[in-house]
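The values are calculated or read from the model by the stated rules, or taken from the named source; none is laboratory data. Owing to the predicted nature of the structure, the values given are computational and were not obtained by experimental measurement. No Cβ is skipped: glycine too gets one built from the backbone with ideal geometry, and neighbour counts run over all protein chains shown. What goes into the accessible areas is simple: the full protein's heavy atoms, side chains included, and nothing from ligands, DNA or RNA. Shrake-Rupley method; radii C 1.70, N 1.55, O 1.52, S 1.80 Å.
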Amino acid sequence: MDGKVKKQKQHQQKHSGPKAEKKKLKKQEIPTEKDERKRNPRAFAVQSAVRMAKTFHRAQDIKAKKHHIPVVDRTPLEPPPVVIVVAGPPKVGKSTLIRCLIKNFTRQKLGDICGPVTIVSGKKRRLTFMECNNDINTMIDLAKVADLVLMLIDASFGFEMETFEFLNICQVHGFPRIMGVLTHLDSFKNKKTLRKTKKNLKHRFWTEVYQGAKLFYLSGMVYGEYQTQEVKNLGRFISVMKFRPLVWQTSHPYVLVDRMEDLTDPERIRTDPKCDRTVSLYGFLRGTLLKNRGQVHIPGVGDFQVSEVNFLPDPCPLPHGQKKRALNEKERMLYAPMAGVGGVVYDKDAVYIDVPTSHIIQQEQEETRPTTELVQSLIDTHATLDVKMAASKVSLFSNSAVLEPTDMEEPERELVWDPSTQRERRRVVFTEEEEEEEEAASGSSDEEHHDCDKAEQEEENSLATFLKEARSDCGKKGAAPPAKKQKVEKTEAELPAFANSEDELEMSEDDDDVETAGGYSGRYSQEHSDDEDSGDGSTEEEVSEDEGLVKKPTRSESDEDDQGVSTGALRWKENLQLKASQAFLQQQEEAPNLRKLVYGSGLDMTGSADEEEPMEELGGLFRISRPQKNRRFGANAVDCSRFLPDSFYTWDLQEMLNSIRDCFVTGKWEEDQDAATQLKEDDELYGDFEDLETGEVHKQQQDQAEHDEDEDDAAASQVEEDAEEIEKKTRLEKKRRLKQRFDAEYDDGEDTYFDDLKEMMQKQAELNRAEFEGVDDETRVQYEGFRPGMYIRLEIPSLPCEFVSNFDPHYPIILGGLGSSEGNVGYLQMRLKKHRWYDRILKTRDPLILSLGWRRFQTVPLYHMEDHNGRHRLLKYTPQHMHCGASIWGPITPQGSGFLAVQSVAGTKANFRIAATGVVLDLDKSVTIVKKLKLIGYPYKIFKNTCFIKGMFNTLLEVAKFEGASVRTVSGVRGQIKKALSTPPGAYRATFEDRLLMSDIVFLRSWYPVSVPQLYNPVTSLLLPLGQKDTWTGMRTLGQLKHDLGIRNKPNTDSLYKPVTRAPRRFNPLRIPKELQKALPFKSKLKQQQPKGKTTRDLQRATVIREPHERKVAALLHALGTVHYYRTKKARTKQRAKHKEFLQQKEAQEEAKLKRQKEARKKLYRVMGQTDQKKQRSSLRGALQD
């Protein structure tokens, strides 16, 4: 039957037809919750109202826990790199993890991790890795700037003290995002032990951070690196993580320095090696806006004033913001100057190049031979410049002839006294031979250009002809042609003598006429363009700006232009007084530029970016720098905002009043300046707009097609944007409006206060971004300061020389910006609690190292407790498991700022190092701390309830100050000070509630105000020598001083524990007056009892005398009693012996029984073991047979 079972036919699903179409539609449609409720309403009915209420409350609690106070989003469009601090105990794998993450993101290997390492991790995110060593100073500094902390934990050992210390530091200073990483998991051989260890560590980590905190597992190492997939997963989590803005970081600008330079004059360092240094520090600005010339604090160094701040091109730009001069893909993604990685670094006044040696390809070496040779020669310099110039041979181009110093003749010099500058100047006198050589060189160059390209030469000749005609017209009108600089070669022999002069007129001449190796820039100086006719100036500007046809004239044209100029090269010195007076009068007549007067020339918008000539490069490496205009000329000039003395107006005339009437609100405005007309024109010009406050959309009434066309033409002429970008912006704007309309229509009913608050903050963030959106960085920096995300350079003078000489890149340098009042020092009131893991209590007036704000400093705190009556009572020690007040003298820090305290930052200790934590409450000296003071006196005369007390005060004045004060005796009798006595000095009269005894002690409990010690000692750990930066020791405590000096504390004899011997006190009997006794009730009357005398004979007991028979009977009874007692005692002794023998027999029987049972068990176990062996053998024999 089994073989004849009929196989069932499989069901074939239909692929076409109405049923198949229905199934397809059903699969495509995602069933919503409403459909489910319609289909099966009983399944969604309320089964239990109590359970439903609990579920609802729990859901609301979870929702409410996710709410944070919304803050305005101030993150810039290009945020600074995210600071990731890798912390943990020594030898736990911090450097290895950083190297693996860098390799994961950039495919590059980094050797030694020195300083911050910045990488590009994605299209919109950059990361800065910083390793935190075991020094508690480094832990404190990096916890203040970290956005994310990777907490490495050695799983084979467990949690170490450094982990909990760093977590506690982070809790105090804002608590950034913390992610745990377990390492050394490959040391576990047993999987069950590994699983149990992971679970224990995870739950302990959750207790310290929060429930559900992410904990990564790095299972093992392969060839000295962590496994690729695990590192990749960790990198993905880091790349997508969101960060909550921390209050201290978002309210203060700060820079994590990644590069440092010493700008001090080498000659000054040579003469005085211990002089203060001028240092420039580089890094990404984070936090909030930084104003120029502000005050900063460098933790570990001190407070300093910034002399200058500049922003530089981003050395590690995001992919969408690359410039033309960006580095290649391999170098762009990794920037770590302290670790020797970064390629080319562009500074404000220099270019630094990291020249690779071994890993560069031979082909690349051949392509970049001139650059590499030049840089290598600069690095490997061993001779002075004069020696090298004397023996040098210069080749201007790669295939040109070599020039030697002997080929050049040194020009003659002539000393001329210049009355305008009041100094001697060196004039260069050129000979006729040099002029002939220049003409011959120009002729040869013309022939070469003729052979090169005829079509190009014709265009250039036509432009040269046009320029010559313009100059000849200018000469006919009487204006002198502009004097150009003489042709300069690369040799020192032909260099003009005044090329390095600092004269104002020469600098203004040379400002725009900077020559390049190819030729001259055909542009006049500012002074000559003012002197010349407007026609000539406009002609030359039209030629130079005519569609950008020619940027540089050819060499032949420049040589032709220079013919006749060399003889009158110094013609600009003619009529200097006349030119200066004309320039001064013209400057005074011009309207003042108030913006320029207020903000300086940096904001002058007259010169656009289009008018600037492109800076030319030499050898593909350097740019010709144009010297800035000398500002002494402008500083010494007369104020240009003043009118001429002779040009004044008579304001009494009606015509003059009418001429300025429209400058005021009450005046009559013209039609084109009327407010209503301007609003109409704005409406026609800008069209639709939406009121962000009311949400009302205003539509344009008139057709604005013509205006749109005009706007498009203007925009196309000003800003060239791609069509795709414009279309993308239009689509995004349309989507935003549709979403806003949809939200306004459907979300009104469910909007909460929290949603409204978030929307308001979002609108504020959009307004902040739109305020300076179209302004260039130079102008924007003047108004709002340097914004976060910029790579800036800060120049700080007067830094200690130890900062440079003892610089260690493994220790972080942080520049923390200080607020307007944070640079001051004053009294601070705090709430403090001793850490429960710290093994010692803190003593008042013992020095303590605090980390408050950006600073780490040592101060002397006073601990106090507030009583119920508002008195702040001084404490000698901090209380256990309780908060107390603390008053210190330190830097002014905003209220609510957290702080932590340590007693020592030197070395590492086995115990927990953080002594206390707390928060700043107040910033003034309003709290008066008082100390209890007991004054003791003794009565020397007693009159009922009045006593004379001595020994408490010394003078009458002291007694007068305390008149009316309350006093008390040790026995509890209260009294009051009445008046001072004349003798003895310091004695006074006091009244009490009851009569005092001569043995009573009277004391006065007073409160004495205590002043806070003014000690502020910054921790200067970065100034210590290399290898000793964790050995900073400041002021020592009294106990440490006694221990170090070997001083033993002398005990107070009153505090020693010794037996107290007191003489017994004899109290007088209570005497009640007879009159009072009569008035008392009988119950309270004193009972007069007679003393007992001797008992009389008649009351005493009579003596009994027995008869002889009675005596015999008594003796017999006594003998019988004695015999009975003896027999009873003998029988009891015999019974005890018998019972003892019985117990011994019983014990022997029990031992024999146990022995028999033991033997029986052994026999049984032996039989059972033999049986098991037989079964096992039989089973093995059967398996072999199978």
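Computed from point charges on the beta carbon alone (+1 for Lys and Arg, -1 for Asp and Glu), the dipole magnitude for segment 204-340 about its Cα centre is near 600 Debye. In this view, the solvent-accessible surface of His173, computed with a 1.4 Å probe and all protein chains in place, comes to about 30 Å². Going by accessible surface with a 1.4 Å probe and the largest first, Leu653, Leu152 read Leu653, Leu152.
With a 1.4 Å probe and all protein chains in place, put Met1168, Met338 in order of accessible area, largest first. Spell out each step's value before the answer.
Values: Met1168 100, Met338 40 Å².
Solvent-accessible surface, decreasing: Met1168, Met338.
Protein-only accessible surface at a 1.4 angstrom probe places the residues Met830, Met656 in the order Met656, Met830, largest first.
With the simple spin-label model, which puts each label point 7 Å out from Cα in the Cβ direction, the Leu1099 to Thr228 separation comes to 12.0 nm. Surface calculation, 1.4 Å probe, protein heavy atoms: Lys876 sits at approximately 130 Å² accessible. Evaluated over segment 760-911, the count of Lys pairs having alpha-carbon atoms less than 28 Å apart is 9 (only pairs 8 or more residues apart or interchain). When the charge dipole of segment 1093-1181 is built from unit charges on Cβ atoms (+1 for Lys and Arg, -1 for Asp and Glu) and taken about the Cα centre, the candidate among His1139, Ser1178, Ala1114 whose Cα reaches farthest toward its positive end is Ser1178. Gain on full extension, evaluated as 0.36 nm per residue between Arg845 and Ile62 minus their Cα-Cα distance, stands at 277.2 nm. Residues whose amide H lies under 5 Å from that of Val71, counting only those 5 or more places away or on a different chain, are absent; hydrogens are built 1.01 Å from N in the peptide plane.
Considering only Ala980, Ile936, Pro1009, and ranking their Cα positions along the charge dipole of segment 931-1009 that arises from unit charges at the beta-carbon of Lys, Arg, Asp and Glu, the one farthest toward the positive end is Pro1009. Beyond 24 Å in Cα-Cα separation lie the following of the pairs Lys91/Lys202; Lys932/Lys1058; Lys189/Lys1175; Lys196/Lys232; Lys65/Lys198; Lys54/Lys242: Lys932/Lys1058; Lys189/Lys1175; Lys196/Lys232; Lys65/Lys198; Lys54/Lys242.
Loop-located trypsin sites (Lys or Arg not before Pro) in segment 148-254 (DSSP state not H, G, I, E or B) with no more than 11 neighbouring Cβ atoms inside 10 Å: Lys189, Lys242.
Cβ-Cβ distance of Leu738 and Glu21, R₀ of 35 Å, FRET efficiency by 1/(1 + (r/R0)^6): the value works out to about 0.60. Rounded to the nearest 0.05, the FRET efficiency derived from the C-beta distance between Arg37 and His868 at R0 = 51 Å is 0.25. Dipole size of segment 931-1009 about its Cα centre, with +1 on Lys/Arg Cβ and -1 on Asp/Glu Cβ: approximately 100 debye, rounded to the nearest 20.
Check each of the trypsin sites (Lys or Arg not before Pro) in segment 993-1033 and keep only those in coil by DSSP with at most 15 other C-beta atoms within 10 angstrom; list them in order. Working shown, then result.
Values: sites: Arg995, Arg1005, Lys1029; in loops: Arg995, Lys1029.
The qualifying sites are Arg995.
Length available on full extension from Asn658 to Gln13: 0.36 nm per residue minus the Cα-Cα distance, which gives 222.6 nm.
If you take the beta carbon distance between Leu1026 and Thr271 as r and set R0 to 25 Å, what does 1/(1 + (r/R0)^6) give as a FRET efficiency, to the nearest 0.05? Approximately 0.50, to the nearest 0.05.
Taking label positions 7 Å along the Cα-Cβ direction at both Lys198 and Asn1017, the computed distance is 5.0 nm, reported to one decimal. Accessible surface for Arg793 stands near 10 Å², nearest 10, in the context of the full protein assembly shown (1.4 Å probe). Near Lys1153: Cβ cut-off under 14 Å, other residues only, Lys/Arg at +1 and Asp/Glu at -1. The net charge is +1. The slack between Ala1160 and Arg995, meaning 0.36 nm per residue of separation minus the straight C-alpha distance, is 50.1 nm. Please report the net charge: other residues with Cβ closer than 12 Å to the Cβ of Leu1022, K and R +1, D and E -1. Once positives and negatives cancel, what remains is -3.
Normalised per residue, the accessible area of segment 1048-1106 is 127 Å², obtained with a 1.4 Å probe and no contribution from ligands, DNA or RNA.
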